[in-house]
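Written out below as structure tokens is the structure these notes cover.
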Amino acid sequence: MANIETFSHETRVFPPSAEFAKTAAISGMEAYYALVAEAERDYEGFWARLAREHLQWHTPFTKVLNESNVPFYKWFEDGKLNVSYNCLDVNLQNGNADKVAVIFESDSGDVAKVTYRQLHEKVCRFANGLKSLGIKKGDRVVIYMPMSVEGVVAMQACARIGATHSVVFGGFSAKSLQERIIDAGAVAVVTADQQVRGGKKLPLKAIVDEALALGGCDSIKNVIVYQRSGDEIKFNPGRDLWLHELVANQADSCEPEWVEAEHPLFVLYTSGSTGTPKGVQHSSAGYLLWTMLTMKWAFDIKPTDVYWCTADIGWVTGHSYIAYGPTAVGATQVIFEGVPTYPNAGRFWDMVQRHKVNVFYTAPTAIRSLIKAADADPKAHPSNYDLTSLRLLATVGEPINPEAWMWYYKHIGGERCPIVDTFWQTETGGHMISPLPGATPLVPGSCTLPLPGIQAIIVDEAGHELPNGQGGILVVKRPWPSMIRGIWNNPERFKSAYFPPELGGTLYLAGDGAIRNKDTGYFTITGRIDDVLNVSGHRMGTMEIESALVANPIVAEAAVVGKPDETTGESICAFVVLKRSRPTGDEAKQIAKELRDWVAKEIGPIAKPKEIRFGDNLPKTRSGKIMRRLLRVLAKGEEITQDVSTLENPAILEQLKQAQ
Ligand code: WTA
């Protein structure tokens, strides 16, 4: 897996081909350095120029950056605009009305195409429908939807009327959904009768019913239901509405709500190292600007490209690089309902071939699992498909190990396509450290250099910048337009989590460790430095999983750690102490299964521990602190070489060594 050791020996370098560089938006390193220099010379001027060139303003801004209340930065604050207008109406004016905006492919393979004109109409009808329910600027709307055109339409419709959306990934449980609804104080939920993935149906509407029945969701007035499967569902008259009925008589145009640049476009919950998930709040103008710029710079998107990002709209990648970025730049994009392994593990490559995809964006975990699948099933091997339409490949979500990088480069990209390894986070709104495909020489496993305008550096624990070659803490020195604006309902947590006083209070703390190559200055991300796990590119807090486990009446104590995993990057390993005696053998297996199902119900199936070990106790210091670093060593199956003299109960280590 990704570690400094693996990367420090990486010597392969892949400069952009002359052919790619010829037409690239940013061609050659000189062009890159010119932009970096422009930002350094006049930081505000640089961003102001880009914001004027790329966004359409209803009221132009005169102020660029307001730093009077650090870290509550404001960008372009006296300007007004509408995000949906910039994504849709602008395309109608630019001659893209009949251009395909979305090629939607269902789980079973049905294909539907939606033009920009049709997308605009759908969004306007939906927006008018929301208005007819009394939903207005500033209200929060929770979206719990499958991958669908309607999911994107719901997001854009909220943006059109100035409602702040909060999309909850369809894999989260009723309880997780309820917590997010309460924290956001949402007035409505948009959902579907069912979600269909890999030939299986998941009852989204029933989960919404269950979430609301858990209580505390009195702010919810309506549940809007998109009819996906048509199977019978329970309806609560007065509260529940069919989407098709809501929009049936609505006008197909809707005057946008012109909002302040800083107006919260969305809140997206993500895991932190402590406590409950954080509602990451994003702005309108600064956020949109950066999604557009990175579509152009990192993905080199061209008017003729067919673009496909395989993320789900429930994650930030699906916000920035499905719902907003691609539409704002007028791209044609594929939206896929299903999973990469259904009906077989050749599905992605089959779709690339059929839709002639040019730019493809996925996660390293998907690549690693498809490598395995291709080895196991010759029919799923990419060599069976014509992938010559591809011209750019990209990855996100976790470090990509050089072996997976090389496979992607060779077998998917035909040694022709640059691989754009984009490092970023829910909080950053868009790419931060990433190659520019027509400029940056690529090194497998490195996300290379910060994008122009992004001042990423590596510091020690006191906030002092470290020289290249020395690993440390990744921070960003200056605010940038698409950065997180706050944690919903929790300004104090925002300050302490992202701008810790130990680092001086103005550096943005990403939460990742990193190292820069001595010679090139290239960044390699070495993984989270907090208690956040990254399982198949999904972010999860160990604390959340521990809280879920101890909420079970049979559990006395639990500690959760990450364990390196060849396919998923990391996997979840839980050490559990029961209130009764320690189970062994078949009984331990049975209880472990019950606890896994319990976590799936509490948080969602993605949070299920892969492994559960039972002990009579956990390794603790004399002051009662659980020593997680020892558990990490045990989870990996390695011998403990660290000093254990501060342990109250060293004998427990022997017991926890054994995987059940
Ligand atoms: C990790 C996803 C290495 C990192 C957009 C970060 C990466 C977390 C990369 C954010 C990458 C994301 N290389 N690590 N290219 N991209 N990460 O909020 O640990 O779901 O902090 O945003 O994923 O995950 P999030």
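Some points to look at:
- Scan of the range 358-372 for residues that are open to solvent by less than 10 Å² (accessible area, probe 1.4 Å) and either touching an Asp or Glu at 6+ places or on another chain (Cβ under 6 Å) or assigned to a helix (DSSP H, G or I) (or both), ordered by number: Val359, Pro364, Ile367, Leu370
- Residues that are over 19 Å from the mean Cα position of the chain (by Cα), in a helix (DSSP H, G or I) and surrounded by 21 or more Cβ atoms within 10 Å (Cβ to Cβ) within the range 154-175 comprise Ala157, Cys158, Ala159, Arg160, Ile161, listed in sequence order.
- Single residue of the range 89-106 satisfying the filter (touching a residue at least 24 places away in the same chain (Cβ under 8 Å) and polar (S, T, N, Q)) that is surrounded by the fewest Cβ atoms within 10 Å (Cβ to Cβ): Asn94
The rows are residues; the columns are (1) assigned to a strand (DSSP E or B); (2) not polar (S, T, N, Q).
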| site | (1), (2) |
| --- | --- |
| Glu544 | no, yes |
| Lys563 | yes, yes |
| Ser571 | yes, no |
| Phe575 | yes, yes |
| Pro583 | no, yes |
| Trp598 | no, yes |
| Ser623 | no, no |
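- Unique match (being within 13 Å of the ligand (Cβ to nearest atom) and either open to solvent by 10 Å² or more (accessible area, probe 1.4 Å) or polar (S, T, N, Q) (or both)) among Lys296, Lys302, Lys278: Lys278
Rundown of residues vs (1) in contact (Cβ under 8 Å) with a residue 12 or more places away in the chain; (2) acidic (Asp, Glu); (3) assigned to a loop (DSSP other than H, G, I, E, B), yes/no style:
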site	(1), (2), (3)
Ile143	yes, no, no
Met147	yes, no, yes
Glu150	yes, yes, no
Leu177	yes, no, no
Val189	yes, no, no
Ala206	yes, no, no
Leu212	yes, no, no
Val225	yes, no, no
Lys234	yes, no, yes
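- Inspection of the range 240-255 identifies no residue that is hydroxyl-bearing (Ser, Thr, Tyr) and either in a strand (DSSP E or B) or under 24 Å from Val316 (Cα atoms) (or both).
- Some residue of the range 536-549 being farther than 21 Å from Pro605 by Cβ, more than 14 Å from the ligand (Cβ to nearest atom) and open to solvent by 30 Å² or more (accessible area, probe 1.4 Å): no
- For the range 498-535, filtered to residues that are of a type in the set (Asp, Glu) and open to solvent by 30 Å² or more (accessible area, probe 1.4 Å), the residue that is nearest to the ligand (Cβ to nearest atom) is Asp530.
Quick grid of which residues meet (1) within 13 Å of the ligand (Cβ to nearest atom); (2) surrounded by fewer than 18 Cβ atoms within 10 Å (Cβ to Cβ):
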| residue | (1), (2) |
| --- | --- |
| Asn401 | yes, no |
| His411 | no, no |
| Gly414 | no, yes |
| Ile419 | yes, no |
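- Test: residue in the range 107-127 that is over 30 Å from Glu53 (Cβ atoms), open to solvent by less than 10 Å² (accessible area, probe 1.4 Å) and touching a Gly at 6+ places or on another chain (Cβ under 9 Å): yes
- Yes/no for Asp312 being away from the ligand (no atom under 16 Å from the Cβ), assigned to a loop (DSSP other than H, G, I, E, B) and touching a helix residue (DSSP H, G or I) at 6+ places or on another chain (Cβ under 8 Å): no
- Restricting attention to the range 383-399 and to residues that are of a type outside the set (S, T, N, Q) and open to solvent by 10 Å² or more (accessible area, probe 1.4 Å), the residue that is farthest from the ligand (Cβ to nearest atom) turns out to be Asp386.
- Subset of the range 58-88 that is hydrophobic (A, V, I, L, M, F, W, C) and touching a His at 6+ places or on another chain (Cβ under 6 Å) - its residue that is surrounded by the most Cβ atoms within 10 Å (Cβ to Cβ): Leu88
- Test: Ile484 is assigned to a loop (DSSP other than H, G, I, E, B), β-branched (Val, Ile, Thr) and within 11 Å of the ligand (Cβ to nearest atom): yes
- The residues in the range 239-272 that are open to solvent by 40 Å² or more (accessible area, probe 1.4 Å) and among the polar types (S, T, N, Q) can be counted, and the count is 3.
- Residue check, Ala380 crowded, with 21+ Cβ neighbours inside 10 Å and of a type in the set (A, V, I, L, M): yes
- Just one of (1) assigned to a helix (DSSP H, G or I); (2) within 16 Å of the ligand (Cβ to nearest atom); (3) not basic (Lys, Arg) fails for Phe348. It is (2).
- Any hit, the range 482-492, residues being polar (S, T, N, Q), free of Cβ contacts under 8 Å to residues at least 60 places away in the same chain, open to solvent by 30 Å² or more (accessible area, probe 1.4 Å) and under 30 Å from Ala559 (Cα atoms): no
- Verdict on Thr568 being in contact (Cβ under 8 Å) with a residue 60 or more places away in the chain, crowded, with 18+ Cβ neighbours inside 10 Å and polar (S, T, N, Q): yes
- The residue pairs whose first member lies in the range 533-555 and is farther than 21 Å from Asp616 by Cβ and touching a residue at least 24 places away in the same chain (Cβ under 8 Å), whose second member is more than 14 Å from the ligand (Cβ to nearest atom) and open to solvent by 40 Å² or more (accessible area, probe 1.4 Å), and whose beta carbons are closer than 6 Å, counting only pairs six or more residues apart or on different chains, are Met543/Thr274.
The values are calculated or read from the model by the stated rules, or taken from the named source; none is laboratory data. Every value quoted in this text rests on a predicted model; they were computed, and no experiment measured them. Note: ideal-geometry Cβ built from the backbone for every residue, glycine included; neighbour counts use all protein chains shown. Remember, those area values only see protein heavy atoms, side chains included, never the ligands or the DNA or RNA. Shrake-Rupley method; radii C 1.70, N 1.55, O 1.52, S 1.80 Å.
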